[in-house]
Amino acid sequence: MPDITKEDFQIVFGSEQGKRVLSHICRECGVLRPSFVPGEALENTAFNEGMRNVALMILTSLDETPERFLELSQEITNNA
C-alpha cells in the first residue's frame, strides 16, 4: 500500500464537499467535547478519546492552522 501523504489529505478534504465531511467527522468524533463524561464507565472515556483521536489525526495531517481550526469549530457548531 502506498504511503498516504499530506497532499492526499488536502485533495480529499480540500473541496467544499470534503470540508463538509471533515466538519461532520469532527462533530461526530467529539473534537469539541471532553472525552470524559462524569458518571460513565472509564471504557466509554477510552472509546470517546479514540474517536476524538481519529479526527485530530486528520486535522494534524492537514496541518490546520489555529485560525482554520476556529473556522472549523464554528462550522461544527452551526451544523450541530
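The values are calculated or read from the model by the stated rules, or taken from the named source; none is laboratory data. Just so it is clear, the structure is predicted and the values come from calculations on it, not from any experiment. Methodologically, a virtual Cβ is constructed for each residue, glycine included, from the backbone with ideal geometry; neighbour enumeration extends over all protein chains shown. Accessible surface areas use protein heavy atoms only, side chains included; no ligands, DNA or RNA. Shrake-Rupley method; radii C 1.70, N 1.55, O 1.52, S 1.80 Å.
General observations
- For the chain, built as a Gaussian network whose Cα springs stay under 10 Å, the top-fluctuating residue of Gly50, Gly14, Gly39: Gly39
- Residue among Val54, Val31, Val12 with the largest mean-square fluctuation in a Gaussian network model of the chain, springs linking Cα atoms under 10 Å: Val12
- Per-pair calculated FRET efficiency, R0 = 22 Å: Leu56 and Val12 via Cβ, rounded to 0.05: 0.85
- Within the shell of other residues whose beta carbon sits under 13 angstrom from the beta carbon of Glu28, the net charge comes to +4, with Lys and Arg scored +1 and Asp and Glu -1.
- Rel. contact order, % - alpha carbon contacts under 8 angstrom, at least six apart, the chain: 35
- Dipole-positive endmost among Phe9, Gly30, Asn78 within the chain (Cβ charges, Cα centre): Asn78
- Structure-based [θ]222 nm, the chain - -39500 (n - 2.57) summed over DSSP H runs of at least 4, per residue, nearest 500: -22500 deg cm²/dmol
- Solvent-accessible surface of the chain, averaged per residue with a 1.4 angstrom probe and all protein chains in place: 71 square angstrom.
- Viscosity 1.567 mPa s, 4 °C: Kirkwood-radius Stokes-Einstein D of the chain over Cα pairs, µm²/s: 96
- Net charge dipole, the chain: roughly 180 debye, given to the nearest 20, about the Cα centre with Cβ charges of +1 for Lys and Arg and -1 for Asp and Glu.
- The chain: chymotrypsin sites (Phe, Trp or Tyr not before Pro) in DSSP loop, at most 14 other beta carbons within 10 Å: Phe36
- Environment charge at Asn78 (Cβ cut-off 11 Å; Lys +1, Arg +1, Asp -1, Glu -1): -1
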